[in-house]
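Chemist: Quick one: this structure, given as structure tokens, is what I'll be asking you about.
The values are calculated or read from the model by the stated rules, or taken from the named source; none is laboratory data. Values in this document were obtained by computation on a predicted structure and should not be read as measured data. When we count neighbours, we look across all protein chains shown, and the Cβ atoms used for this are built from the backbone with ideal geometry, even at glycine. All accessible areas refer to the heavy atoms of the entire protein, side chains included, with ligands and DNA or RNA removed. Shrake-Rupley method; radii C 1.70, N 1.55, O 1.52, S 1.80 Å.
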Amino acid sequence: MNTSIDPSSVKPAIREVRVLSRGLTILSAFEPNNEWLNNSEIAALTGLPKPTVSRLTANLLEAEYLQYSAQRAAYRLGTAVLALGFIAASHRDFVVLARPLMQQFADQHQVSVVLASPDAGSMVCNEVAHSRDMLFTLRVRAGSRLRIDRSALGRALIGAMSDAERAAFLEKLNGADPQAWELLNREVPAAVEQMASDGYCIAAGTLEAGTNGAAVVVDTPEGPHTYALGCAAPSNSLELPRLEREVIPDLLALKARLEAELSNMQAE
């Protein structure tokens, strides 16, 4: 039996995958705080050449994944993407479960609480809860992206990975964002050690100047460290001694409760 593959049939498939990947990269550039973007802004955010961006935004517009405003000369996400988002949201049992517990935690400790998952070189905020008593909150909300090299969330996730998984992730990050890789690579040994010994990772003043925070990873039935769960607040209201003495033990307890609830849901 001849099992050889015709190279001419493989190359178009590879090109199609590359185009799909670039199209998804463009869609991921849109966040709640940058609803409208022009081609130049998209190119700057994604690192793609502007002619490539122009060609792909035209295709995405035709497929209704983007909408175009002639007045702004810019794009925003279209109804097709929103429909996909609503479908995904309808199955986010974990986020539904976590939301009230996150708000309770935020109010109790006067912090902002973030549940995030990794996507390429960033952490995507799936849910955010801000304390109702905080005068100043983190400038993040659901859908925001946090730099994986500057957040406790990202460091906790990296620290929880296996050696092989971490090496592969860092190699990919180095190709996509050498600056982020350089900073994160220096912090990896400390993150690994802290996650192994304590089960959490602290970041002081790295996400935003004057902010302290900590994060843990949440294992789900689908796999280990699927999510990172973290909290943060201005350092003058969340000093490191209070963070370590009062807040982190409750953060670890919240992680354990969520994992137990997920296991119960899976068993039913």
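Chemist: If V10 satisfies every condition in (1) modelled with pLDDT of 75 or more; (2) over 23 Å from the mean Cα position of the chain (by Cα) but one, which is the exception?
Modeler: Checking V10 against (1) modelled with pLDDT of 75 or more; (2) over 23 Å from the mean Cα position of the chain (by Cα), the one that fails is (1).
Chemist: Going residue by residue through region 79-90, is there one that turns out to be out of contact with any Lys or Arg (no Cβ under 6 Å at 6 or more places or on another chain) and either at pLDDT 85 or above or not in a helix (DSSP H, G or I) (or both)?
Modeler: The answer is no, given that none of the residues of region 79-90 is out of contact with any Lys or Arg (no Cβ under 6 Å at 6 or more places or on another chain) and either at pLDDT 85 or above or not in a helix (DSSP H, G or I) (or both).
Chemist: Pairs please, first residue from region 97-112 and touching a residue at least 60 places away in the same chain (Cβ under 8 Å), second anywhere and outside any helix (DSSP H, G or I) and acidic (D, E), Cβ atoms under 6 Å, 6+ apart in sequence or on different chains.
Modeler: These pairs meet every condition: Q110/D133.
Chemist: Hey, another quick one. If you take the residues in region 147-158 that are at pLDDT below 85 and either outside any strand (DSSP E or B) or in contact with a helix residue (DSSP H, G or I) (Cβ under 6 Å, 6 or more places away or on another chain) (or both), which one is nearest to P178 (Cα to Cα)?
Modeler: Checking each candidate, the answer is D149.
Chemist: Okay, moving on. For V188, work out the one condition from (1) farther than 30 Å from Q108 by Cβ; (2) open to solvent by 60 Å² or more (accessible area, probe 1.4 Å); (3) not charged (D, E, K, R) it doesn't fulfil.
Modeler: Of (1) farther than 30 Å from Q108 by Cβ; (2) open to solvent by 60 Å² or more (accessible area, probe 1.4 Å); (3) not charged (D, E, K, R), only one is false for V188: (2).
Chemist: With the structure loaded, tell me whether L56 is touching a helix residue (DSSP H, G or I) at 6+ places or on another chain (Cβ under 6 Å) and modelled with pLDDT under 90 or whether it fails that test. Talk me through it step by step, then tell me what you get.
Modeler: Values: touching a helix residue (DSSP H, G or I) at 6+ places or on another chain (Cβ under 6 Å): yes; modelled with pLDDT under 90: no.
So L56 fails the test.
Chemist: Let me ask you something else. How about region 219-268: which of its residues are in contact (Cβ under 8 Å) with a residue 40 or more places away in the chain, of a type in the set (G, A, S), outside any strand (DSSP E or B) and open to solvent by less than 60 Å² (accessible area, probe 1.4 Å)?
Modeler: S237
Chemist: I would also like to ask the following. Scanning region 101-123 for residues that are of a type in the set (G, A, S) and in a strand (DSSP E or B), which turns out farthest from A29 (Cα to Cα)?
Modeler: Filtering region 101-123 for residues that are of a type in the set (G, A, S) and in a strand (DSSP E or B), the one farthest from A29 (Cα to Cα) comes out as S112.
Chemist: Right, something else. Given the residues N126, N174, which is the only one that is among the polar types (S, T, N, Q) and either farther than 30 Å from L48 by Cα or part of a helix (DSSP H, G or I) (or both)?
Modeler: N174
Chemist: What's the number of the condition L173 fails, among (1) open to solvent by 20 Å² or more (accessible area, probe 1.4 Å); (2) over 19 Å from N126 (Cβ atoms)?
Modeler: Answer for L173: the failing condition is (1).
Chemist: If you check R166 against the conditions, is it surrounded by 13 or more Cβ atoms within 10 Å (Cβ to Cβ) and either on the phi < 0 side of the Ramachandran plot or in a helix (DSSP H, G or I) (or both)?
Modeler: yes
Chemist: S151 is checked against (1) within 26 Å of P249 (Cβ to Cβ); (2) polar (S, T, N, Q); (3) open to solvent by 60 Å² or more (accessible area, probe 1.4 Å) and fails just one. What number does that condition carry?
Modeler: (3)
Chemist: Just checking, how many residues over region 119-136 are over 20 Å from E35 (Cβ atoms) and open to solvent by less than 60 Å² (accessible area, probe 1.4 Å)?
Modeler: Matching residues across region 119-136 total 6.
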